[in-house]
1. Using only the C-alpha atoms of segment 63-110, find the volume of their convex hull and express it per residue in Å³.
2. Quick one: length gained pulling V141 to D61 fully straight, 0.36 nm per residue minus the C-alpha distance?
3. So for each of 212-218, 76-82 I average, over its residues, the number of other beta carbons within 10 Å; can you give me the resulting order with the highest mean first?
4. How would segment 199-287 be classified by its alpha-carbon gyration tensor: rounded, prolate or oblate, with rounded meaning a/c under 1.5 and the a/b versus b/c comparison settling the rest?
Amino acid sequence: MKKGVPFEWDQACKNAFESIKSYLMKPLVLAAPIPEKPLILYISAQERSVGAFLAQGNNEDKENALYYLSRMMTPNALKYSLIEKLCLALVFSIQKLKHYFQAHIVRLVSRVNPIKFVMSKPVLSDRLARWYLQFQQFEIVYVPQKAIKGQTLEDFLADHLIPDNWELSDQLPNEDAMGIEIQPPWKMYFDGAAHRERDGTGIVFITFQGEVLPYYFTLTQRCSSNVAEYQALILGLEMVVDIKQLQLQVFGDSKLVINQILGSYEVKKPELVPYHKYAQRLVENLRNAMGN
């Protein structure tokens, strides 16, 4: 439009205005999840952003949108490979949508399988070990990308970011650390996961040479998540005693268990008392052995 020339409201402008008005009057409706029905998670990674789109099939063989996420990557994450960025997208989804993952089986749809990538690595870095533990907490089933429509929508969301002040981190949620000795330490990451169909514990040791020793145990009896966390910690500490490795850092995603062992939190639930006492005794034995 030239300076001094009045703006003309032609038919093209009117059509564009009506199109925008129609879109704003019909925003994307996010549905509530159907209990016991699997969820579908689309993830994608662009050059500078990651995104996720959570959906669920309805009784009409269509997908209902439940949630979508998108954000810029941190400067360090910009250096990741494509598969590492997809891992980051999955970690981001788990951190922000943990309650969905806890209540449902999640079918993961992406170009490649980030879980297989992490599990196939002969040696895991600290970052990959944390991702490994997060992936093991939930029932996530990889599905090769077939739903092009859903993935196209998710790619669009990854490129059109939702303004927020969320801080993206590759640390375990609510992670606290319990230091026993740090020169030179092994690292132990523990996690106990209670699923609807099975309970299990995951333990990953990282030696001071960088070797990764992952273990997974299936629990024979159903238990609460806190009991499963304690059992994972106890199994890991018992293994440390067996291999006579006294210099250790212990990491877990259960703030409750870590702080109870450190004495910051009181043990209020009776079912946790025997686990707490035994785990605390193992920790004290390791500390005493290091002091001799």
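Read-outs: derived from the displayed coordinates by stated rules, not from any lab. Bear in mind that the values here come from a model prediction, so they are computed numbers and not experimental data. A quick note on method: Cβ atoms are made from the backbone with ideal geometry, for glycine too, and the neighbour counts reach across all protein chains shown.
1. Spread over its residues, the Cα hull of segment 63-110 gives 91 Å³ apiece.
2. Details: separation 80, 0.36 × 80 = 28.80 nm, distance 1.96 nm.
Contour length minus Cα-Cα distance gives 26.8 nm.
3. Highest-to-lowest ranking by the protection proxy: 212-218, 76-82.
4. Details: a/c = 1.90, a/b = 1.32, b/c = 1.44.
Oblate, since a/c reaches 1.5 and b/c is not below a/b.
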